[in-house]
Amino acid sequence: MSHTVLVCDDAIFMRTMISDILAQAGFEIVGEAETGREAVEKYRQLKPDLVTMDIVMPDMGGIEAVREICKADPDAKVLMCSAMGQQALVVEAIQAGAKDFVVKPFQPSRVLEAVQRVIG
Amino acid sequence: MDLSRYAALFVTESREQLGVCGQALLEWERRPTATEPVVTLFRAVHTFKGMAAAMGYANLTELAHRTETVLDLLRSDPSSGREIADLFFRIIDALEQGAGVAVDGGDPRLDFSPLLAELDEASVATAPTGSWAIPAPGGMPAVVAPEVAASRLIQVVVTPGATMRGARAMLALRKVEALGAVSAVRPPLATIEQEGFDGRFSFQLAGTASADQVMAAVRGAGDILDVTIDAAEAERVAEAAGRGRQIRIDLRRLDALMGHVGELIVARARLMELAEVSTEPELRAVASRIARVTADLHGEVVQARMTPVWQVFDRFPRVVRDLARQLGKRVRFEVEGEETQLDRAILDDIGEPLIHLLRNAVDHGIELPAERARQGKPEEGQVRLSAASDRTTVLIRVSDNGRGVDRKRVLAEAIQVGLLPAEAQDVPDELLLRVLGRPGFTTAAQLTDVSGRGMGMDAVISRLRGLGGSVEIDTQVGVGTTFTLRLPMTLAIVRALLARVGDERYAIPLAGVAETVAFHSDRIAALEGREAYVLRERLIPTVRLRDRLGVTGPRPPGRQPAVIVQIGERRVAVVVDALVGQQEIVVEPFDAPLGTLPVFSGATILGDGTPALIVDPAALV
């Protein structure tokens, strides 16, 4: 059975790109979210094996969303998607419970490596 | 569970966390609207609270908890906390002192009620406009782990060129936290978080996880080039951590080692002399081999004593900030070259002189904001502390862009006390320093309660001399002042020129020697009433070591050599009876008896077993 993924990003471009990379590698994209709040809700409903999470999103940012998700499910596997220069936020996300991170612009191989590390 | 054995670890770690707090507070003051400093502060206080709670220190925990609560409120609007930054500084101090008291069993006696009352007021004033969840459990390094067995030092290298190596490192740390308590992270977490490191970091891991598990956890963070696990090193670190914050190796052991190496070097010198005149080829081969190995050994021991200067520099931002605040000045403090290495013994000794120079810069250098504005300068002054090294010397600079030293005032006072002739028009830079360094000499501007009473600069200079270093001043009215400290990288062993005067030999450290020349008596001239020597069309003041040392008796016939001693820009020609050669000498601590000429910085034993005094080049120029 393939792993299920929830993709969270406020930019449709990024969601599409991440979904494509993961779908081609055999993952099943079970949902997408545009805001942190939506991410938290969809995580609760879908219980995906993996979440990719943008850091900066309207209506609850990615870090707070990670915190919420991990509070409800300490084993949640969240992969942060960050832009260059956001290291302070990445560190905060890690403290909040994120399991790994990738830095935009994405290279598909890097994304998949990170996903493998998280899914283990 | 017996908690006492964690006490030392608690003290070390909590001090580290409170250090992070101090840095974050400074950063917050600089950028009052930024969120990160508050986040960092919150995190560090939170970590401290967790440790204090684990140790069962109720009062410390309470103060940390209430502080954390107010910080939580401030997070949504950091600038609203501006007024109470000072309160936070006092709290951090109280926590630090309290931690020391608590480990001695004094927590029940700690009374933080005045601070708590102030915190209550602050939390009322700070409207709760946002909430801030406490980080997920397990997110912080736990100081107390019940399964503590042995601690191991783990050294990790993040792949060069990887993006966000700091975040990668944090991820690795977080993954290994699942295996056991993580402590003594180097460089400090705050440095790693800000990407202020070269990708190498180390930490101690307690617990019983297998090496494979540790490897897998660290590598699980991705972009990890190398992981090494060193149990023996960690034991030493742990042992040292109990005694002092950042001493990683027992200094006494290193001192003893250095002592032996010193003796070996002295013996080597003698051996080489004997081999020189020997006809035994095998003896000569063995001697030269011993010479090489001794040099390598010396190099290793010197290396082992090297310590990055940040271990001393770390406390300076706070000193500068507090003083600036007290004096109503605005000062930006910048530090550069914190990784520069210096012999631990020297490093321990320069902290006080540097604090004196920094205080001097803030107090006398930087003007009040209004005055700066009047002069068209930015209201915020700048004080910089930088360290850099070349092969054998470390340069530490303290500079400010303040008012500079008022030469006219110094000139007037110098004439008044007879240090300069009445007709003198200006104080040369070099004299200025010596003038400032004279015991009891002071200008009115120096006589404030902050910077001491005229003894300060003198103490700085004599301390540096004692270390075989020197200090120079470069100052321009209205532009600022720079003090340059020149220090040997290591104390114990230096290469020196041996010169004979009368019946004695004297050692002149090569670091202060520019060249040696033959002293032609037909090239003697006069410079400002002093005897000078013409060298390549430049006049250099001469110092006749015979006269300076009060040596009598017949002078050897023939032409005398002169040693051109140079410190910074200043040169003198030191006339001696004869040059004997060069040798590595072991500098012995020198307690100059009262009345000793201020020409010597130490003593040494030469290769043939006879003692010799070490001439301080800086005292001659």
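The values are calculated or read from the model by the stated rules, or taken from the named source; none is laboratory data. Model, not experiment: these values are computed from the prediction. Don't worry about glycine lacking a Cβ; one is built from the backbone with ideal geometry, like all the others, and counts go over all protein chains shown.
Taking (1) outside any loop (DSSP other than H, G, I, E, B); (2) within 9 Å of chain B (Cβ to nearest Cβ); (3) surrounded by fewer than 20 Cβ atoms within 10 Å (Cβ to Cβ) in turn, residue A:84 satisfies each apart from (1).
Being within 23 Å of residue B:26 (Cα to Cα), outside any helix (DSSP H, G or I) and charged (D, E, K, R), is that true of even one residue in the stretch B:82-90?
Step one: list which residues in the stretch B:82-90 are within 23 Å of residue B:26 (Cα to Cα), which gives B:82-90.
After this cut, where a residue has to be outside any helix (DSSP H, G or I) as well, the list is none.
Within the stretch B:82-90, not a single residue is within 23 Å of residue B:26 (Cα to Cα), outside any helix (DSSP H, G or I) and charged (D, E, K, R).
For the stretch B:6-42, a residue qualifies if it is of a type in the set (Gly, Ala, Ser) and in contact with a helix residue (DSSP H, G or I) (Cβ under 6 Å, 6 or more places away or on another chain), and the qualifying residues are B:7, B:14, B:22, B:24. Only one entry in B:331, B:301, B:319 is surrounded by fewer than 18 Cβ atoms within 10 Å (Cβ to Cβ) and hydrophobic (A, V, I, L, M, F, W, C), namely B:319. Being over 26 Å from residue A:89 (Cα atoms), more than 14 Å from chain A (Cβ to nearest Cβ), over 25 Å from the mean Cα position of the chain (by Cα) and at pLDDT 80 or above, is that true of even one residue in the stretch B:66-84? No: zero hits. Against the numbered list (1) crowded, with 21+ Cβ neighbours inside 10 Å; (2) more than 11 Å from chain B (Cβ to nearest Cβ), residue A:102 comes up short only at (2). Restricting B:39, B:20 to those that are aliphatic (A, V, I, L, M), modelled with pLDDT of 80 or more, farther than 20 Å from residue B:183 by Cα and surrounded by 19 or more Cβ atoms within 10 Å (Cβ to Cβ) reduces the list to B:39. Taken over the stretch A:41-67, the criterion of being surrounded by fewer than 23 Cβ atoms within 10 Å (Cβ to Cβ), part of a helix (DSSP H, G or I) and either within 12 Å of chain B (Cβ to nearest Cβ) or without any contact (Cβ under 8 Å) to a residue 24 or more places away in the chain (or both) is satisfied by A:41, A:45, A:64.
Tell me, yes or no, whether the stretch A:70-80 has at least one residue that is more than 14 Å from chain B (Cβ to nearest Cβ), surrounded by 22 or more Cβ atoms within 10 Å (Cβ to Cβ) and in contact (Cβ under 8 Å) with a residue 24 or more places away in the chain. Steps first, please.
In the first step, residues of the stretch A:70-80 are kept if they are more than 14 Å from chain B (Cβ to nearest Cβ); the result is none.
No, because not a single residue in the stretch A:70-80 is more than 14 Å from chain B (Cβ to nearest Cβ), surrounded by 22 or more Cβ atoms within 10 Å (Cβ to Cβ) and in contact (Cβ under 8 Å) with a residue 24 or more places away in the chain.
Taking only pairs six or more apart or across chains, which ones have beta-carbon atoms under 6 Å, a first residue in the stretch A:101-120 that is farther than 16 Å from residue A:7 by Cα, and a second residue that is buried (at least 18 other Cβ atoms within 10 Å of the Cβ) and at pLDDT 90 or above? Hits for this filter: A:110/A:102; A:117/A:100.
No other residue among B:566, B:560, B:583 is farther than 26 Å from residue B:469 by Cα, of a type in the set (S, T, N, Q) and surrounded by 16 or more Cβ atoms within 10 Å (Cβ to Cβ) apart from B:560. If you go through the stretch B:377-397 and keep only what is over 24 Å from residue B:478 (Cα atoms) and in a strand (DSSP E or B), you end up with B:387, B:388, B:389, B:393, B:394, B:395.
Where strands (runs of 3 or more DSSP E) sit wholly within the stretch B:149-222, those with at least 3 residues that are touching a residue at least 60 places away in the same chain (Cβ under 8 Å) and away from chain A (no Cβ under 14 Å) occupy B:152-158.
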